[in-house]
Amino acid sequence: MQREQWNSRTGFILAAVGSAIGLGNIWRFPYMAYENGGGAFFIPYLFAMLTAGIPFMIMEFSLGHKHRGAAPRVFAKLGESLGFKLEWLGWFQVFIAAVIAIYYVAIIGWAISYFVFSITQSWGTDTNSFFFNEYLQLGDNSPTKLGSLQFHIAIPMAIAWGITSLAVFSGVKGGIERASKIMMPLLFIMVLLLIGRIVLLPGALDGLNYLFRPDFSMILDVKVWSAAYGQIFFTLSVGFAIMLAYSSYLPEKSDINNNAFMTVLINCGFSILGGIMIFAVLGYMAAEQAKPITDVVTSGVGLAFVTIPAAINLLPLPYILGPLFFLALVVAGISSHISIIEAVVAAVIDKLAISRKKAALMVCGTGFTVSMAFSSNGGLLLLDLVDYFINNIALLTSCLIELIILTWLFKIADIRDYANQCSEFSVGKWFNLCLRFIGPIMLAIILIKNLINTLR
Ligand code: PFF
Ligand code: NA
């Protein structure tokens with residue numbers, strides 16, 4: 001059977017960008033930058049992008065393109081060439097992807113609910129209590145048992161699963177590529193519209209000033225550098241099976257280096273837009289409430305579902321800007337979710353030699369059932385733990401193992417040669433240096449730091 005292929009280069013880049021751009025660009029990057037030196041954070045961030053992000057992306061694109069398989073097959077073939085077993089590394093990554101899929105979809109479900117709430121203006125003035133007590137029903141009463149459905153949470157989650165399943169079920173060209181071609185331009189337009197309106201509001205520029213004002217005193221801090229590297233691995237979706245699967249559908253004639261640069265640059269560019277959007281809103285909110293901005297800055301779930309709704313209450317045209325924001329969140333999330341599921345589906349197709357439709361039904365059906373079982377607020381408590389473990393430990397471990405095995409046991413020069421043969425411009429020897437030394441050292445430092453923090 002011929003392997004499926006992307007229809008066009010743009011289609012592939014949009015799909016890879018769709019995976020990379022996710023909730024992290026909107027609710028993680030801005031806060032990271034703000035906390036780690038503001039404008040000065042861009043120096044370690046750009047450095048991490050050049051020394052880790054781009055080389056890692058080139059490496060994964062090369063491997064997927066060369067071995068034409070999802071992660072388990074890529075690593076199995078690599079292992080064979082040296083006479084040992086490596087398929088497990090692929091399955092480890094697929095496993096991480098599957099776990100992420102389950103909780104990522106929950107957040108997309110919430111964002112779908114909030115899209116509706118932003119139209120009906122249901123969250124009232126106490127957005128904190130609305131989110132935790134009324135929406136998630138965490139209140140004083142003990143959490144609902146696992147497996148008991150709360151329909152107002154389960155239904156939006158089912159919708160998210162529906163969209164993802166449809167894209168993956170319909171194939172690389174007809175599903176994933178087509179969805180990305182609609183979603184990515186839409187996402188950029190929505191975010192630009194939001195920014196265009198919000199930066200004109202009083203206080204917005206003060207917010208941006210907070211984000212971009214450089215605090216160079218932090219630049220020598222290890223914490224800042226490890227934050228930059230951690231964010232780069234997370235934001236690019238590398239190291240856990242996704243980009244391998246996507247690049248395995250590249251046509252024979254593809255420009256690997258160019259594609260990798262484009263994907264990384266577009267993702268990191270979008271992060272800056274995300275930062276502008278979030279800090280403009282926060283600056284406006286702080287000004288309206290006559291509070292210092294430090295009082296309103298947060299990240300993650302609290303930012304998206306508590307602070308932003310409160311800010312939307314204060315915005316002009318809340319019923320337009322509100323839905324735009326949550327739709328952007330949904331689109332950013334779903335395009336990433338599609339890629340996570342595809343990483344799993346592609347591995348199943350390779351392994352069991354079954355059709356895409358069967359594999360998609362199997363994987364999405366299982367995922368859907370599991371996420372329904374965890375959709376009660378009891379699941380939320382787990383979500384927190386899993387999110388912490390995955391982001392701070394599992395992902396980094398997977399990236400580190402992959403880097404060490406690929407650059408120390410194999411000839412990294414071969415990968416560079418391969419990428420260069422497939423590309424219009426070549427990457428120099430710095431590529432080897434980055435992947436063999438800088439990447440693993442930074443990852444090891446971050447990982448050790450996180451492990452120590454966890455055990456504390
Ligand atoms: N790269 C995505 C982001 O920055 O939000 C994160 C992501 C996480 C993508 C998990 C895919 C994924 F499975
Ligand atoms: Na990202």
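Condition first: assigned to a loop (DSSP other than H, G, I, E, B) and either within 12 Å of ligand 1 (Cβ to nearest atom) or on the phi > 0 side of the Ramachandran plot (or both). Now tell me which residues in region 2-28 satisfy that. Lay out the reasoning, then the answer.
Taking region 2-28 and keeping what is assigned to a loop (DSSP other than H, G, I, E, B), we get 2-8, 21-22.
Across region 2-28, the qualifying residues are Ile21, Gly22.
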>> As an exercise: evaluate Ser335 against (1) buried (at least 24 other Cβ atoms within 10 Å of the Cβ); (2) within 15 Å of Ala280 (Cα to Cα) and give the number of the one condition it does not meet.
In response: (2)
>> So if I check each of Leu329, Leu282, Leu265, which one is modelled with pLDDT of 95 or more, out of contact with any Lys or Arg (no Cβ under 7 Å at 6 or more places or on another chain), within 18 Å of Ala33 (Cα to Cα) and surrounded by 22 or more Cβ atoms within 10 Å (Cβ to Cβ)?
In response: Leu282
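Please go through region 202-253 and pick out each residue that is over 27 Å from Gln421 (Cα atoms) and within 16 Å of ligand 1 (Cβ to nearest atom).
Going through region 202-253, the residues over 27 Å from Gln421 (Cα atoms) turn out to be 202-231, 234-235.
The answer is Ala227, Ala228, Tyr229, Gly230, Gln231, Phe234, Thr235.
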>> Can you list residue pairs whose Cβ atoms sit under 6 Å apart, with the first residue in region 57-79 being more than 20 Å from Thr263 (Cα to Cα) and the second being among the aliphatic types (A, V, I, L, M)? Count only pairs 6 or more apart in sequence or on different chains.
In response: His67/Val74; Pro72/Ala347; Val74/Leu63; Val74/Leu244; Phe75/Leu86; Phe75/Leu89; Leu78/Leu86; Gly79/Leu86
> Pairs under 8 Å by beta carbon, first residue of a type in the set (S, T, N, Q) in region 325-342, partner within 11 Å of ligand 1 (Cβ to nearest atom) and outside any helix (DSSP H, G or I), six or more apart or different chains?
Replying inline: Ser335/Ile21; Ser335/Gly22; Ser336/Ile21; Ser336/Gly22; Ser336/Ser237; Ser339/Ser237
> For Asp126, which of the numbered conditions (1) modelled with pLDDT of 95 or more; (2) farther than 22 Å from Val296 by Cβ; (3) out of contact with any Leu (no Cβ under 8 Å at 6 or more places or on another chain) fails to hold?
Replying inline: (2)
> Can you name the condition, by its number, that Leu192 falls short on among (1) crowded, with 16+ Cβ neighbours inside 10 Å; (2) away from ligand 1 (no atom under 16 Å from the Cβ); (3) part of a helix (DSSP H, G or I)?
Replying inline: (1)
> Within region 409-454, how many residues are under 26 Å from Arg68 (Cβ atoms), surrounded by fewer than 19 Cβ atoms within 10 Å (Cβ to Cβ) and either of a type in the set (Asp, Glu) or at pLDDT below 95 (or both)?
Replying inline: 7
> Which of the residues belonging to region 292-302 are surrounded by 17 or more Cβ atoms within 10 Å (Cβ to Cβ) and away from ligand 2 (no atom under 16 Å from the Cβ)?
Replying inline: Ile293, Val296, Val297, Val301
>> Tally up the residues in region 235-257 that are surrounded by fewer than 22 Cβ atoms within 10 Å (Cβ to Cβ), over 25 Å from Val348 (Cβ atoms) and in contact with a helix residue (DSSP H, G or I) (Cβ under 9 Å, 6 or more places away or on another chain), please.
In response: 1
> When only residues in region 186-204 that are out of contact with any helix residue (DSSP H, G or I) (no Cβ under 7 Å at 6 or more places or on another chain) and touching a residue at least 24 places away in the same chain (Cβ under 8 Å) count, which is nearest to Glu342 (Cα to Cα)?
Replying inline: Phe188
> Which one of the conditions (1) at positive phi; (2) not in a loop (DSSP other than H, G, I, E, B) does Ser237 fail to meet, given that it meets all the rest?
Replying inline: (2)
> How about region 340-435: which helices (runs of 4 or more DSSP H) wholly inside it have at least 1 residues that are touching a helix residue (DSSP H, G or I) at 6+ places or on another chain (Cβ under 7 Å) and closer than 25 Å to Leu250 by Cα?
Replying inline: 356-373, 395-404, 412-421, 430-433
> Looking at this structure, is Val224 in a helix (DSSP H, G or I), farther than 20 Å from Leu324 by Cβ and touching a Lys or Arg at 6+ places or on another chain (Cβ under 9 Å)?
Replying inline: no
> Applying the selection to region 349-362, what residues are closer than 16 Å to Val172 by Cβ and touching a residue at least 40 places away in the same chain (Cβ under 8 Å)?
Replying inline: Ile349, Asp350, Arg356, Lys357, Ala360
> Does Ser339 meet the test of being among the polar types (S, T, N, Q) and within 22 Å of Ile102 (Cα to Cα)?
Replying inline: yes
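Taking the options Ile278, Ile334, name whichever one is assigned to a helix (DSSP H, G or I), within 16 Å of ligand 1 (Cβ to nearest atom), of a type in the set (A, V, I, L, M, F, W, C) and under 30 Å from Arg68 (Cα atoms). Steps first, please.
Values: Ile278 fails: under 30 Å from Arg68 (Cα atoms).
Unique residue meeting the criteria: Ile334.
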>> I'm trying to understand the selection: among the residues of region 3-30, which are in contact with a Leu (Cβ under 8 Å, 6 or more places away or on another chain) and away from ligand 2 (no atom under 14 Å from the Cβ)?
In response: Gln5, Trp6, Phe12
>> Considering only residues that are free of Cβ contacts under 8 Å to residues at least 60 places away in the same chain and within 16 Å of the chain's Cα centre (by Cα), which ones fall in region 390-408?
In response: none
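The values are calculated or read from the model by the stated rules, or taken from the named source; none is laboratory data. The shown structure was predicted, so the numbers you read here are calculated from the model rather than taken from an experiment. Methodologically, a virtual Cβ is constructed for each residue, glycine included, from the backbone with ideal geometry; neighbour enumeration extends over all protein chains shown.
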